[in-house]
Amino acid sequence: ATFDNTTTIGILEYEKSASASKSNHKNLPLLKAKLPQFNDSSYAMKFQRKFRSLATAKFPAKVPKNVDRRFFFTVGLGILPCSKNQTCQGPNNTRPAAAVNNVSFVQPNIALLQAHFFNKSKGVYTTNFPTNPPFKFNYTGTPPKNIMLSTGTKVVALPFNISVELVMQDTSILGAESHPLHLHGFNFFVLGQGVGNFDPKKDPAKFNLVDPAERNTIGVPAGGWVAIRFLADNPGVWFMHCHLEVHTSWGLKMAWVVNDGKGRKQKLPPPPANLPKC
């Protein structure tokens, strides 16, 4: 899709102090920004790899060292059938859509959190969200012939307080793009990222488990991957979605259900009495 790739540069000018106004500043050079090209992925990758947490006693980087559950999610675009009696702009009258692990999320009519709390998930959501992509292909190479997505309101259910490692892989279907994935309810640690397809044998050895950046949103690199870890210590239902609004509306989202723990402060509190029902 076409987009405006022009670069905007702002000029920052400081107010002159009383002492500075006495000197001559007219001969000072204008410092012009030297910005990378908008599609310079290697520059962006090198820049992001410099991000580190403080990892001090006051601000510790509590990276989960042991992993209880591992997930591998593909994130990207695809197509869905066009609605009846409509004309769509996708190939063969299909409509563009987006998905995580080939599942394009369908927004339910009843709130996920409400259905979870009252144990009425039947007909609202299922807990069979795929741990890995339903089929393997060269994620950042030539797309498969069948780019049709599946649909559903599927979530991942997690026991309380387990550690999760998640690798998110961009795909080249309908074009490789950077997808800013945002996780509600948690901060996570960014262990590593790379260009191309994630290699489960070689890439984990390069993970930063000492002082990785702690975030709640991370850009899955265009034509690349990113690995994160978080501790599921916040009971409830938490969305994870692309922060490009159009991709979220196309279905690039899913949810994590974190079940209650045993402790008194490890349980999801009930909704307030005056909460409007969905």
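The values are calculated or read from the model by the stated rules, or taken from the named source; none is laboratory data. Since we're looking at a predicted model, the values are computed, not measured. So basically every Cβ, Gly included, is an ideal-geometry build from the backbone, and we count neighbours across all protein chains shown. Protein only, heavy atoms only, side chains kept; ligands, DNA and RNA dropped before computing areas. Shrake-Rupley method; radii C 1.70, N 1.55, O 1.52, S 1.80 Å.
Observations on the model:
- Ordering 187-198, 225-236, 106-117, 141-152 by mean Cβ neighbour count within 10 Å, with the highest value first, yields 225-236, 187-198, 106-117, 141-152.
- Legend: residues 165, 214, sorted from most to least accessible area (1.4 Å probe; ligands, DNA and RNA excluded), read 214, 165.
- Convex hull of Cα atoms in segment 155-278, direction-averaged projection (nm²): 9.7
- Computed over segment 227-274, the P(r) curve from all C-alpha pair distances, binned at 10 Å from the origin, holds 22, 35, 30, 12, 0 percent per bin.
- Cβ-Cβ FRET estimate between residue 201 and residue 51, R0 fixed at 25 Å, reported to 0.05: 0.50
- Euclidean distance of C-alpha centroids, segment 175-210 and segment 24-60, integer Å: 20
- Using 0.36 nm per residue and subtracting the Cα-Cα separation, the extra length available between residue 187 and residue 30 on full extension is 52.5 nm.
- Between residue 217 and residue 146, the modelled labels are 3.6 nm apart [label points 7 Å from Cα along Cα→Cβ].
- Close amide H contacts of residue 161 (hydrogens built in the peptide plane, cut-off under 5 Å, sequence separation of 5 or more or a different chain): 232, 233, 234.
- Amide H to amide H distances under 5 Å link residue 155 with 126, 127, 128, 129, where only residues 5 or more positions off or on other chains count and H is placed in the peptide plane.
- Listed values (i) -0.29, -0.38, -0.86, -1.54; (ii) -0.34, -0.44, -0.86, -1.31; (iii) -0.42, -0.53, -0.88, -1.16, entry calculated as log10 I(q)/I(0) by the Debye sum over Cα atoms at q = 0.07, 0.08, 0.12, 0.16 Å⁻¹: (ii)
- Surface calculation, 1.4 Å probe, protein heavy atoms: residue 50 sits at approximately 150 Å² accessible.
- Reach of residue 145 by Cα under 23 Å, taken over lysines that are not fewer than 8 positions away in the same chain: 136
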